[in-house]
Amino acid sequence: MSLSLTVAICTYNPRRDYLTRAIAALQQQTLPLTDWDLLVIDNASSPAVADWLDLSWHPRAHIVVESRQGLTSARLRAFHTAQTEILVFVDDDNVLAHNYLQQGLAVLGRSPQLGAIGGKCLPEFEQAPALWFQEMEASLGLQDFGDEEKVHTWASAAAPADRQYPAWAPIGAGLMLRRAAMAAYCDSLANDPRRLALDRTGNSLTSGGDNDLIMTILEQGWAIGYVPQLSLLHLIAAGRLSPDYLCRMNRAACRSWVQVLDLHGLRPWPKIPAWTLPLRRLKSYLHLRPWTSTTAAIHWQRACGLLEGQAQLP
């Protein structure tokens, strides 16, 4: 029996040319239109996405407005609106390979233990990045971990301290997951409002929601997978390559990483008193010498984010 599927695009004030390309890639999918639904979750954009986006080409496409700001709130609306067994989260700057949906369904159909899968997220830059950008690690959610499938589970971990979070774990871009695997995550959000603030809200660059979702799925006994046949292009605007943006993004990501780990019983770094932050930042500043290069400046911002996360631990 084939699995039913919904593609959900969560968007807030998108670039029209990027969202248009994302939609065009969905139009070209090898999976017949009759085999999947399409939801565009408009997270209170201005102007509204419905004012200009044409989805008349798809027989089961809907634009749904979620007035609560934040990517997590938009994903929750997608979960509660969709009626299918499989959800695929596509960012508004993602261009899926033409066989993405068909390939993903095939993998999930033959591997019932997989709760979530992702694949390669390759860049298309609006302008060529500077040489120093190549020195950065895991920037902007880009990932390519080779051509072999990978699977990971926490089922054999005797205690939280034994759990590992693989570098190749699925990210939000192109994430395919089972509704049954995501259900526990949605329930946990209702019981812990802190988790609603772990992902992007408005202009905030906090980005821990993907990690929280995947860890919750692992805790429920599901496996996660890296499927190299799944490939997408991440359209990267010129502004996202600026040193200022990357500094802010890396600082926010590291701060939320500490918080997410703690929510799941993992505390590799101890809590530190908030009053020590200025001195610790200064020590890190002198050690990492952020004035010497853009890369050093970004590494210092990461260190500051980790320190701030430690200071906010309960």
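Summary table
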quantity: Net charge of Cβ neighbours under 12 Å - reference A157; Lys, Arg +1; Asp, Glu -1; calculated: -1
quantity: log10 of Debye I(q)/I(0), alpha-carbon scatterers only, for the chain at 0.16 Å⁻¹; calculated: -1.47
quantity: Selection from W168, H234, A97 lying farthest towards where the dipole of the chain points positive, charges on Cβ; calculated: W168
quantity: Region 247-311: relative contact order in percent, alpha carbon pairs under 8 Å with at least 6 residues between; calculated: 56
quantity: Nonlocal amide H pairs with V64, under 5 Å, H built at 1.01 Å; calculated: V40, I41, D42
quantity: Relative contact order (percent, whole number), region 5-236, Cα cutoff 8 Å, 6+ residue spacing; calculated: 29
quantity: Spatial separation of Cα centroids for region 167-183 and region 26-87, in angstrom; calculated: 17
quantity: Cβ-based exposure ranking for H299, H62, in which fewest neighbours within 10 Å come first; calculated: H62, H299
quantity: Residue (of P243, W291, L3) at the positive-pole extreme of the chain, dipole from beta-carbon charges; calculated: W291
quantity: Isotropically averaged projected area of region 30-86, using the convex hull of Cα atoms (one quarter of hull area), nm²; calculated: 4.5
quantity: Globularity index of region 247-311, i.e. its alpha-carbon radius of gyration over 2.2 N^0.38 Å; calculated: 1.11
quantity: Cα long-axis angle, helix 71-81 against the chain (0 to 90 degrees, to the nearest 10); calculated: 30
quantity: Estimated [θ] at 222 nm from DSSP helical runs (n ≥ 4, -39500 (n - 2.57)) normalised by residues in the chain, nearest 500; calculated: -11000 deg cm²/dmol
quantity: As computed over region 1-129, the Cα convex hull volume per residue (Å³); calculated: 122
quantity: Likely footprinting exposure, L131, L230, fewest C-beta neighbours within 10 Å first; calculated: L131, L230
quantity: Crossing angle, helix 179-191 versus the chain [Cα axis fit, 0-90 degrees, rounded to tens]; calculated: 50
quantity: Which of G70, A128, Q113, positive extreme of dipole for region 17-133 (C-beta unit charges); calculated: Q113
quantity: Cα convex hull volume per residue for region 119-262 (Å³); calculated: 128
quantity: Residues D93, D187 arranged by fewest to most Cβ contacts within 10 Å; calculated: D187, D93
quantity: Neighbour net charge for L31 - beta-carbon separation under 15 angstrom, K R +1, D E -1; calculated: -2
quantity: Inverse mean reciprocal Cα-Cα distance (Kirkwood Rh) of region 208-260, Å; calculated: 13.7
quantity: Burial order of peptide ranges 287-297, 243-253, 215-225, 146-156 (average beta-carbon count within 10 Å, highest first); calculated: 215-225, 243-253, 287-297, 146-156
quantity: Degrees separating the helix 294-311 axis from the principal Cα axis of the chain, which is the longest one; calculated: 90
quantity: Max mean-square fluctuation residue, GNM over the chain, Cα-Cα springs under 10 Å, options D17, D92, D262; calculated: D17
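Values quoted throughout were computed directly from the atomic coordinates according to the rules given, and no laboratory measurement underlies them. Quick caveat, the model's predicted, so the values are computed rather than measured. Note that each Cβ is placed from the backbone with ideal geometry, even for glycine, and that neighbours are counted across all protein chains shown.
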